[in-house]
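K.L.:
Structure below; questions to follow.
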Amino acid sequence: MTDVSETVSGINAAECPYCGQEMQKGILSGDGRSAVTFKPGEKKTGWFDRFLSIGAVTAAKHTLAAFTIDAYYCGSCKKMIFDTDIKQ
Ligand SMILES: [Zn+2]
């Protein structure tokens, strides 16, 4: 078989729990100074993307330090999902 479908593995695909459409995997990132951004794929937003405010996440109010979060985004529902835990 020479099937090269990219959605077979399941690792890079997630279904939106709201609308059922495939969600876009990407990385949520911020550096504490400028907009929190989301970039599809395995690389976080670069300085050039940030300069142009590409992928700025409007839900982010304030950030205190640099961070990245692996996240899934549904463009139809305007929702983002990521795994997390709260350490006390
Ligand atoms: Zn959705």
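The values are calculated or read from the model by the stated rules, or taken from the named source; none is laboratory data. For clarity, every value in this text was computed on a predicted model and none was experimentally measured. Cβ sites come from the backbone with ideal geometry, for glycine too, and all protein chains shown count toward neighbours.
K.L.:
Take the conditions touching a residue at least 60 places away in the same chain (Cβ under 8 Å) and of a type outside the set (A, V, I, L, M) and apply them to S53. Does it pass? Let's see the steps before the verdict.
P.N.:
Numbers: touching a residue at least 60 places away in the same chain (Cβ under 8 Å): no; of a type outside the set (A, V, I, L, M): yes.
Here the answer is no, as S53 does not meet what is asked.
K.L.:
Please determine whether any residue of region 3-19 is under 10 Å from the mean Cα position of the chain (by Cα), modelled with pLDDT of 80 or more and either surrounded by 11 or more Cβ atoms within 10 Å (Cβ to Cβ) or in a loop (DSSP other than H, G, I, E, B) (or both).
P.N.:
No, that holds for no residue.
K.L.:
Go through region 13-32 and count every residue that is in contact with an Asp or Glu (Cβ under 9 Å, 6 or more places away or on another chain) and either more than 14 Å from T45 (Cβ to Cβ) or within 7 Å of the ligand (Cβ to nearest atom) (or both).
P.N.:
The qualifying residues number 8.
K.L.:
To continue, here is another question. Between a first residue in region 72-83 that is in contact (Cβ under 8 Å) with a residue 24 or more places away in the chain and a second residue that is in a loop (DSSP other than H, G, I, E, B) and more than 10 Å from the ligand (Cβ to nearest atom), which pairs have beta carbons less than 8 Å apart while being 6 or more apart in sequence or on different chains?
P.N.:
Y72/F82; M80/V57; M80/A59
K.L.:
Now a separate question. Here's a check for you: in region 48-88, which residue that is under 21 Å from S34 (Cβ atoms), of a type in the set (S, T, Y) and at pLDDT 85 or above is farthest from the ligand (Cβ to nearest atom)?
P.N.:
Step by step, filter region 48-88, then rank; the result is T68.
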